[in-house]
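Q: Have a look at the structure that comes next, please.
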Amino acid sequence: MPIAREGWPYILGLLGLTALLVGLRAGWPAGACGVLGLFVAFFFRDPDRAIPAGQGLVVSPADGRVVRIAPAQEENPLGPGAVQVSIFLSIFDVHVNRAPIAGRIARVDYHSGEFLPAFDDKASLRNEQNSVLLEDQGGRVAFKQIAGLIARRIVFRKRVGDAVARGERVGLIKFGSRVDVFVPAGARLGVAHGEHVTGGVSVLAELR
């Protein structure tokens, strides 16, 4: 299983500590450290995905459970009529984030903030977050990487002006988080509240 590069410092550090504790014959601490290392490797897994093809498809930028589908607030990146789809990532979900559409990164805005539980709707407005606006000839889609109660580090690998493919890896959020996706008015939704989605694979909406 591929591992996201951001995870290797944690994994190697824990493996090194485990080896040291084994050498010191520290039984249960070595075992606990080894188990933690395996969990961290599991958390940073980065599986390959088969990205669906098709005109106007918006794929999920993250694995997780859909916790909100509602009209977006007025200050959303896409303007009137936009719809917000919020996805909660537990510590057991893959945390690598992917581009929901192919296009150009038109804007990136980082905002510091609080660390409320990611399943709380207030997290969309008050938590530390990174907002990304994507544009292509078919329209615009935006998404937010939102830190949670445990997640304290947002990683975004792209810059304004970069071209991305649908489903391309663009970053991750470490240790539990939330992603809000904004689709424009008229988009046909393809998911329901409570549904579990897969990053780069599940179709959230179709642009018209």
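The values are calculated or read from the model by the stated rules, or taken from the named source; none is laboratory data. Nothing here was measured: the structure is a model prediction, and the numbers come from that model. Here Cβ is always computed from backbone atoms with ideal geometry, including for glycine, and neighbour counts include all displayed protein chains.
Q: Could you list, in sequence order, all residues of segment 58-81 that are part of a loop (DSSP other than H, G, I, E, B) and either among the basic types (K, R) or surrounded by 23 or more Cβ atoms within 10 Å (Cβ to Cβ) (or both)?
A: In the first step, residues of segment 58-81 are kept if they are part of a loop (DSSP other than H, G, I, E, B); the result is 60-63, 72-81.
Those that are part of a loop (DSSP other than H, G, I, E, B) and either among the basic types (K, R) or surrounded by 23 or more Cβ atoms within 10 Å (Cβ to Cβ) (or both): S60, P61, A62, D63, A72.
Q: While we're on this one: Kindly establish whether L172 is under 15 Å from V85 (Cβ atoms) and either modelled with pLDDT of 95 or more or buried (at least 22 other Cβ atoms within 10 Å of the Cβ) (or both). Don't jump to the end; show me each part of the working.
A: Details: under 15 Å from V85 (Cβ atoms): no; either modelled with pLDDT of 95 or more or buried (at least 22 other Cβ atoms within 10 Å of the Cβ) (or both): yes.
Spelling it out, it is not the case that L172 is under 15 Å from V85 (Cβ atoms) and either modelled with pLDDT of 95 or more or buried (at least 22 other Cβ atoms within 10 Å of the Cβ) (or both).
Q: Would you mention how many residues in segment 183-200 are under 14 Å from the mean Cα position of the chain (by Cα) and either over 13 Å from D63 (Cα atoms) or β-branched (V, I, T) (or both)? Write out each step before concluding.
A: Of all residues in segment 183-200, those under 14 Å from the mean Cα position of the chain (by Cα) come to 196-200.
Narrowing further to those that are either over 13 Å from D63 (Cα atoms) or β-branched (V, I, T) (or both): 197-198.
Number of matching residues: 2.
Q: Turning to a different aspect of this structure: Under 6 Å between Cβ atoms, which residue pairs at least 6 apart in sequence (or on different chains) link something in segment 19-38 that is farther than 18 Å from I3 by Cβ with a partner that is among the small types (G, A, S)?
A: Every condition considered, the pairs that remain are L21/A30; V22/A30.
Q: Give F88, F92 a once-over and let me know the one that is in a strand (DSSP E or B), farther than 17 Å from R159 by Cα and at pLDDT below 95. Write out each step before concluding.
A: Working: F92 fails: in a strand (DSSP E or B).
The match here is F88.
Q: Under 6 Å by Cβ, and 6 or more places apart or on different chains, what pairs join a residue from segment 128-140 that is not assigned by TED's automatic domain parsing to the domain that holds S177 with one that is among the hydrophobic types (A, V, I, L, M, F, W, C) and surrounded by fewer than 19 Cβ atoms within 10 Å (Cβ to Cβ)?
A: Listed pairs, sorted by first residue: none to list.
Every residue, every condition in (1) at pLDDT 80 or above; (2) outside the structural domain of S202 (by TED's automatic domain parsing); (3) more than 17 Å from the chain's Cα centre (by Cα); (4) in a helix (DSSP H, G or I), yes or no:
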residue: L12; (1), (2), (3), (4): yes, yes, yes, yes
residue: G16; (1), (2), (3), (4): yes, yes, yes, yes
residue: L20; (1), (2), (3), (4): no, yes, yes, yes
residue: R25; (1), (2), (3), (4): no, yes, yes, no
residue: P29; (1), (2), (3), (4): no, yes, yes, yes
residue: A32; (1), (2), (3), (4): yes, yes, yes, yes
residue: L38; (1), (2), (3), (4): yes, yes, yes, yes
residue: D48; (1), (2), (3), (4): yes, yes, no, no
residue: I51; (1), (2), (3), (4): yes, yes, no, no
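Q: Please work out if I101 is in the same structural domain as V160 (by TED's automatic domain parsing), closer than 21 Å to R166 by Cα and in contact with a strand residue (DSSP E or B) (Cβ under 7 Å, 6 or more places away or on another chain). Spell out the reasoning first.
A: Working: in the same structural domain as V160 (by TED's automatic domain parsing): yes; closer than 21 Å to R166 by Cα: yes; in contact with a strand residue (DSSP E or B) (Cβ under 7 Å, 6 or more places away or on another chain): yes.
Yes.
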